[in-house]
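See below for the structure under consideration.
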Amino acid sequence: MKKKLTALSCVSLLVLMLSGCSKGNNMTNKMYTEETMNHFYSDKIAIDDISKIEIESNYADFEIIASDAYYVEYSYYYINNEPKLTVNDHTLTFSDYGMNTGNYSINQKEKNYFKVYVPTTNEFESVSINKSSGDCNIGTIITDQLSLTNHYGDTIVANCQVNKMETDIASGNIGIKNCKIQNLSIKNAYGGVELDSINDSLRWMDSLEVKMSSGNLELSNLFCKEMELDNSYGTNEIENCAIGKLEGEFDSGDVTLSHTLTDDISMDNSYGNINLNLIGREADYRFDIKSDYGSVKIGDSTYEGSALIDRGGKKSIELKVSSGDVEISFEEQ
């Protein structure tokens, strides 16, 4: 004889199903704290000499610190797999991938961190840092190559000598100060870029490339042969710089150059003003300037929307603005 499924039995079945789901969720959503997690840590300890650094990190702050010898110091709270640290064949390798891989919650008050101490006179072959979350502070190193990826966190590089440096930031500010860098490439999706005191009059950078989606750009005291700037949304300020060739692509934001020496400028700006205060004479430049909706002023002269001037100068300025004013002034060396 077949049994009938009554309304009461349906309700009972639904209650059992919800109860089972609730128990399952409680199991997968367990809350972990420092007291219930594993701890991978060490005070400052000596390591062998190294010429390469390779870092893969998901959840930690990272630092390179000037020292008298080679050391590491670290503190990691984890649930699943212990982070891996090795020093082999003059290469320091560290990875925390896989340390937290379950469906659970973490309430951690103390930050994870990894610190590397290196002598200021050591010359590295390469330094590679790939981080998902956390701040990054790199100070006083000499290296041929520096590759730095930081998805979420601020980044500071100071007092370094680098032949080739590449950075890729998803969200966070990056500041580079008091460095000697020959070739520098910066990508930053959401955050500001600040460069100060890069190279000098005796040793110019070969190239600087900056590509930004949203954030303010500040450059000061730079010496660069070729510079390429691309910023979608944000203000752009260049002060007290020497630039051989400058190319800029800007969508929305003012562009300001002050007390800057340059031979060749080419810029497009969709929505924003361009204000140039250049070291040199007006007669040294050729001008090709157009503003669809805005005024153009060169020195003491004002033009209606565009200016095409060639007095035989060896330097050139080419500017295109969709909506915004252009003003160019000069100061003698």
Euclidean distance of C-alpha centroids, segment 55-115 and segment 232-253, integer Å
37 Å
Any chance you could run the full-extension gain for residue 108 through residue 84? It's 0.36 nm times the residue separation minus the Cα-Cα distance, nm to one decimal.
6.6 nm
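How would 117, 104, 233, 293 rank on accessible area, largest to smallest, probe 1.4 Å? Intermediate values should be presented prior to the final figure.
Working: 117 25, 104 50, 233 135, 293 170 Å².
Highest to lowest solvent-accessible surface, that is 293, 233, 104, 117.
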With every protein chain left in place, what is the accessible area of residue 133 in Å² (1.4 Å probe, nearest 10)?
50 Å²
If you take every DSSP beta bridge fully contained in the chain, what fraction is antiparallel? Give it as a percent rounded to 5.
15 percent
Note down the relative contact order for the chain as a percent, whole number, built from C-alpha pairs under 8 angstrom at least six residues apart.
9 percent
Residue by residue through segment 256-261, which ³J(HN,Hα) values in whole Hz follow from phi under the Karplus form 6.51 cos²θ - 1.76 cosθ + 1.60 (θ = phi - 60°), with glycine and proline marked x?
10, 10, 10, 6, 10, 9
By how many nm would the segment from residue 120 to residue 152 lengthen if fully extended, with 0.36 nm per residue of separation less the alpha-carbon distance?
8.7 nm
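What does the charge count around residue 237 come to, taking other residues whose C-beta lies under 10 Å from its C-beta (Lys +1, Arg +1, Asp -1, Glu -1)?
Numbers: positive: none; negative: 194, 218, 239, 254.
Net charge in that neighbourhood comes out at -4.
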Using the basic label-point model (7 angstrom from Cα toward the beta carbon), what is the residue 293 to residue 171 distance in nanometres?
3.3 nm
Which stretch or stretches of segment 86-100 have amide N atoms under 15 Å from the point lying 7 Å from residue 30's Cα along the Cα→Cβ direction?
100
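The values are calculated or read from the model by the stated rules, or taken from the named source; none is laboratory data. On a predicted model such as this, the values are computed, not experimentally measured, just so you know. For neighbour counting, all protein chains shown are included, and Cβ atoms are generated from backbone atoms with ideal geometry for every residue, glycine included. Accessible surface is based on the protein model in full, side chains and every heavy atom, while ligands, DNA and RNA are left aside. Shrake-Rupley method; radii C 1.70, N 1.55, O 1.52, S 1.80 Å.
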